[in-house]
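Single-structure report; data block below.
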Amino acid sequence: MINSELLKRINDLEEPNRSFLMKLLQDVEQVTQKDEVRNALRTNIREHVAKEMK
């Protein structure tokens, strides 16, 4: 999520820097989302295994 101050500063940049930075920030956001999903899956698997081991 890009805050308004950062977005304002990005919009002040000239092309191609503006597009490059926006694409980079989108890529970082996707990686972050993938990490969150992976961590949630790991937690879910651990909980399931713990229940099965009882």
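Quick notes on this one:
- Pair list, Cβ < 7 Å and 6+ apart or interchain, from segment 11-28 residues that are surrounded by 10 or more Cβ atoms within 10 Å (Cβ to Cβ) to residues that are assigned to a loop (DSSP other than H, G, I, E, B) and modelled with pLDDT of 90 or more: Leu21/Leu13
- Among the conditions (1) open to solvent by 70 Å² or more (accessible area, probe 1.4 Å); (2) assigned to a loop (DSSP other than H, G, I, E, B), Ile2 misses just one, which is (1).
The values are calculated or read from the model by the stated rules, or taken from the named source; none is laboratory data. In this text, all values refer to a predicted model and were calculated from it rather than measured experimentally. Methodologically, a virtual Cβ is constructed for each residue, glycine included, from the backbone with ideal geometry; neighbour enumeration extends over all protein chains shown. Accessible surface areas use protein heavy atoms only, side chains included; no ligands, DNA or RNA. Shrake-Rupley method; radii C 1.70, N 1.55, O 1.52, S 1.80 Å.
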